[in-house]
Amino acid sequence: MSDKHKTVGDVMTRQVMVLNVEDNLDKVMKAMEHFHIRHVPVVDGEKVVGMVTQRDMLAVMHSKLGPNAPEAGGDTRLYERTFVINVMTKDPVSVTPETPLKDAVKLLRENKLGGFPVIATDGKLVGVLTETDVLKVLEALLEAEG
């Protein structure tokens, strides 16, 4: 692997949309659709306290909370009354920008994750590392091989 792809900080997505614990699922769905994202860190103040993923949202859609559930009768207002804190993965696996990329990839694979927050040593969110970021690196390596 080339020197330019050694750490998470070299390949992570730096512009990150975040959610607050009090945001509702309607906001999550609209944001994921608008920004074409599948992994959103959840913050309480400046601290990352969770992660909401497209998988989490699919689970809600197919649960008793979803508008297609018999109890809902097509009522999408349930998304307005359900909050991020109720569906997020609490205390998500995270890495630092200095984490070797190979270690982060192993964490993704072993934990069957699609992404996780990247948190600096001062505790601040500085990005996310997703499977898409990793695939971009793989693509570049394969192209370099010819």
All conditions in (1) in contact with an Asp or Glu (Cβ under 7 Å, 6 or more places away or on another chain); (2) at pLDDT 90 or above; (3) among the hydroxyl-bearing types (Ser, Thr, Tyr) are true of residue 79 except (2)
Filtering segment 77-86 down to residues that are touching a residue at least 60 places away in the same chain (Cβ under 8 Å) and surrounded by 19 or more Cβ atoms within 10 Å (Cβ to Cβ) yields 84
The residue that is farthest from residue 15 (Cα to Cα), considering only those in segment 104-130 that are outside any strand (DSSP E or B) and hydrophobic (A, V, I, L, M, F, W, C), is 107
* Kindly indicate whether residue 93 is assigned to a strand (DSSP E or B) and closer than 19 Å to residue 18 by Cβ. => no
Filtering segment 4-34 down to residues that are within 20 Å of residue 87 (Cα to Cα), surrounded by fewer than 15 Cβ atoms within 10 Å (Cβ to Cβ) and of a type in the set (D, E, K, R) yields 22, 30, 33
(1) among the small types (Gly, Ala, Ser); (2) at pLDDT below 95; (3) within 19 Å of the chain's Cα centre (by Cα) all hold for residue 104 apart from (2)
Looking across segment 16-58 at residues that are in contact (Cβ under 8 Å) with a residue 40 or more places away in the chain and part of a loop (DSSP other than H, G, I, E, B), the single one that is nearest to residue 77 (Cα to Cα) is 23
**Message:** With the structure loaded, tell me whether residue 89 is under 13 Å from residue 117 (Cα atoms), surrounded by 11 or more Cβ atoms within 10 Å (Cβ to Cβ) and either in contact with a strand residue (DSSP E or B) (Cβ under 6 Å, 6 or more places away or on another chain) or at pLDDT below 85 (or both) or whether it fails that test.
**Reply:** yes
Within segment 107-138, residues under 17 Å from residue 6 (Cβ atoms), more than 13 Å from the chain's Cα centre (by Cα) and of a type outside the set (A, V, I, L, M, F, W, C) come out as 136
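I'm checking my understanding of the structure. Among residues of segment 47-61 that are hydrophobic (A, V, I, L, M, F, W, C) and touching a helix residue (DSSP H, G or I) at 6+ places or on another chain (Cβ under 7 Å), which one is modelled with the lowest pLDDT? Please lay out each step first, then the result.
So the first thing to find is which residues in segment 47-61 are hydrophobic (A, V, I, L, M, F, W, C), and the list is 48-49, 51-52, 57-61.
Those still in the list that are touching a helix residue (DSSP H, G or I) at 6+ places or on another chain (Cβ under 7 Å) too: 52, 57, 60.
Working: 52: 95, 57: 89, 60: 81.
Looking at the filtered set, the residue picked out is 60.
The values are calculated or read from the model by the stated rules, or taken from the named source; none is laboratory data. Keep in mind that what you see is a predicted model, and the values were worked out from it rather than measured. All Cβ positions, glycine included, derive from the backbone under ideal geometry; neighbour counts span all protein chains shown.
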